[in-house]
Structures are given as structure tokens and as C-alpha cells.
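The next block holds one structure in the form of C-alpha cells; read it before the comments.
The values are calculated or read from the model by the stated rules, or taken from the named source; none is laboratory data. As the structure is a prediction and not an experimental result, all values here were calculated from the model. Note that we place each Cβ from the backbone using ideal geometry, even for glycine, and neighbour counts take in every protein chain shown.
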Amino acid sequence: MELEQTALPGVLILTPRRFGDARGWFSETWHRDRLAAAGLALDFVQDNHSFSADAGTLRGLHYQAPPHAQDKLVRCTRGAILDVAVDVRRGSPGYGRWVAVELSAENGRQLLVPHGFLHGFVTRVPDTEVQYKVTDVYAPDCDGAVRWDSLGIDWGCAAPVLSAKDAAAPAFADWQSPFTWEGPA
């Protein structure tokens, strides 16, 4: 598996190798021991799967606050998305900065979004499916969102399809982050 650091420390692009033949291909998307040897010792406890019917469906920017903060490993298994991570660890040199990575069924890339980052994505094509692993279970009392258009992110669409929760989320400037930067690992 190829690991690539993004402009935000801790946010990584993982590109699994694909082994193909006339039937198609096979790919190992996560191997705990191999990735722990590369410094990624994560204990995933839940897998999530979303389907978006329309291109331009935006989900985010979401987070789960401590004590149930989550690391996420995101991949697009059908279609294509622009996946975004925003550093919201108070005191971090990257606070408020974001990275965007195209993930698609075709390119097989995955984005590792550590806790302390907002996460969101917008679908590029209809009938898109996204799957992600998380390191803590869903806790409704820790669930939160920040308004998608309050950080200057170029989502590539002017009028996305939003949930009521995402449309009503507070702007970044009006929100208090529950995360604190703990310094370099």
C-alpha cells in the first residue's frame, strides 16, 4: 500500500495495490499489522456506508466530539467524490486549513482523517457510494457539524444537495472547536 502525506500532517492518502486479471481486480484495503508497522496503529470499531443518488450531494462538514472522537478511513466504492478534511484542533499550526482529495471507485484511493478534523464530501456523479471505517462508535450526543460554505472550500458546485442538519449547521466563525492540538506525534 502506498502512503502519501497531504498538506495537513496526519491526513494521509492510502492507495492500495490492485492485482488484476481478465476477471477484474483484487485489492487489500486495510491490513492492521502491515499498516501498524508503517505507524498507523488504528483500532476500527464500526464500518459505515452511504449512498447518494444525485451528483452534487454534500455531506458535511461533520465531526464527533470527545470522548467519542473518531479517526476515519474513507473510500469511494462507486462513483466519485471530492473528500475534504479541515484541521480544527485549537492551537494547531494548521487550524482552519483544509485539504481536498478526489476519491473514486476507479482510482481506489482512501483518505485517513484523524480525530480533530472536520470531514465532508461532495459527490461528483450520480449513484455514488462511500464507505468508511471509524475508531469509535456513533454517539449522537457527540455528533456535530460546521456549515459547508464557511471556510472558503472550493467544492466544485454552487448549490449542493444538503440535509436539514447540514443546512442549519453553524458557520466556522461562530463555532467553538472541542478539539485541542497535542503537538507533533
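Is it true that Gly156 is farther than 21 Å from Trp30 by Cα, touching a strand residue (DSSP E or B) at 6+ places or on another chain (Cβ under 7 Å), not in a strand (DSSP E or B) and not hydroxyl-bearing (Ser, Thr, Tyr)?
yes
Can you work out which of the residues in segment 163-185 that are touching a strand residue (DSSP E or B) at 6+ places or on another chain (Cβ under 6 Å) and in a loop (DSSP other than H, G, I, E, B) is farthest from Leu61 (Cα to Cα)?
Trp181
Across segment 22-41, what is the total count of residues that are surrounded by 10 or more Cβ atoms within 10 Å (Cβ to Cβ) and either modelled with pLDDT of 95 or more or closer than 22 Å to Asn107 by Cβ (or both)?
Summing the residues that are surrounded by 10 or more Cβ atoms within 10 Å (Cβ to Cβ) and either modelled with pLDDT of 95 or more or closer than 22 Å to Asn107 by Cβ (or both) in segment 22-41 gives 11.
Criterion first (out of contact with any His (no Cβ under 8 Å at 6 or more places or on another chain), at pLDDT 95 or above and of a type outside the set (S, T, N, Q)) does Gly56 satisfy it?
Against the criterion (out of contact with any His (no Cβ under 8 Å at 6 or more places or on another chain), at pLDDT 95 or above and of a type outside the set (S, T, N, Q)), Gly56 qualifies.
When you scan segment 152-174, how many residues do you find that are surrounded by 12 or more Cβ atoms within 10 Å (Cβ to Cβ), under 19 Å from Thr123 (Cβ atoms) and not acidic (Asp, Glu)?
Result for segment 152-174: 11.
Considering segment 42-72 alone, what residues qualify as being out of contact with any Cys (no Cβ under 9 Å at 6 or more places or on another chain), surrounded by 17 or more Cβ atoms within 10 Å (Cβ to Cβ) and not in a loop (DSSP other than H, G, I, E, B)?
Hits for segment 42-72 are Ser52, Thr57, Arg59, Gly60, Leu61, His62, Lys72.
Quick check: anything in segment 73-91 among the small types (Gly, Ala, Ser) and part of a strand (DSSP E or B)?
Yes, segment 73-91 contains a residue that is among the small types (Gly, Ala, Ser) and part of a strand (DSSP E or B).
Can you go through Gly39, Gly60 and tell me which one is of a type outside the set (Ser, Thr, Tyr), free of Cβ contacts under 8 Å to residues at least 60 places away in the same chain and at positive phi?
The conditions single out Gly39.
Quick test for you: out of Val86, Val99, pick the one residue that is buried (at least 19 other Cβ atoms within 10 Å of the Cβ) and either over 25 Å from Val161 (Cα atoms) or out of contact with any Phe, Trp or Tyr (no Cβ under 6 Å at 6 or more places or on another chain) (or both).
Exactly one residue qualifies, and that residue is Val99.
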